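Only the coordinates and a few stated rules stand behind these numbers; no lab work does. Note that the structure is a prediction, hence the values are computed from the model and not measured. When we count neighbours, we look across all protein chains shown, and the Cβ atoms used for this are built from the backbone with ideal geometry, even at glycine.
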């Protein structure tokens, strides 16, 4: 009877220890892992063009945003570049031709995304919003200092020019980094001792194996 109690206590202690190590400690540790936001050096970028004489023109802008990643499990990071834009455009009767805006995204000097906006001749109006968010590929990230770059190119070409007014405003440009939970167990991977493996399933499995081993050892000692 006494041995059974000892075995039961050992099994309970094993399960408790596994639960604390795989769930309790990581849950507390992840509370200190907030989202980081790294704003661009310029809070807003404004381009304005108003011409009745230039049938062809171009403009470009490059913005670098430094950001920092802690050494460790880089796959645990989701890093994105975010901004909002507002466009006010009046191309008059320039029906033949268009204006194109190219957004090039780089990380540590390597391009990983590009977006092209085409505004056909004669288009007039206001529009704005933001582009669908995509994360920077993990292979481009490194521990320590990183640099995200946004390059903006605007090129306009019309066969004949009536008038052309363009105002582009970029705001809220920043890099955001937050931690992922790839195995969806509620524990962020940066604090997870078993990233990629569900900690609750692992607790049940390891707990069962440890309890079974404890019972077997107890029986052999009778």
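Quick notes
- Spin-label model distance (nm) - residue 153 vs residue 82, 7 Å beyond Cα toward Cβ: 2.9
- Taking the empirical scaling 2.2 N^0.38 Å for compact globular proteins as reference, region 35-181 has a Cα radius of gyration ratio of 1.21.
- The packing ranking of peptides 154-160, 141-147, highest mean first, is 154-160, 141-147, where packing means the average number of other beta carbon atoms within 10 angstrom of each residue.
- Length-normalised contact order for region 62-163 - Cα pairs under 8 Å, 6+ apart - percent: 47
- Taking each residue as 0.36 nm, the span from residue 113 to residue 98 lengthens on full extension beyond its C-alpha to C-alpha distance by 3.1 nm.
- Near-label residues of region 44-83 by backbone N, under 19 Å of a point 7 Å along Cα→Cβ of residue 139: 73-80
- Modelled FRET efficiency - R0 41 Å, residue 52 with residue 172, Cβ distances, 0.05 increments: 0.80
- Put simply, when 44-53, 76-85 are sorted by average Cβ atoms within 10 angstrom per residue, most first, you get 76-85, 44-53.
- Label-to-label distance, residue 70 versus residue 131, with points set 7 angstrom from Cα along the beta-carbon direction: 3.1 nm.
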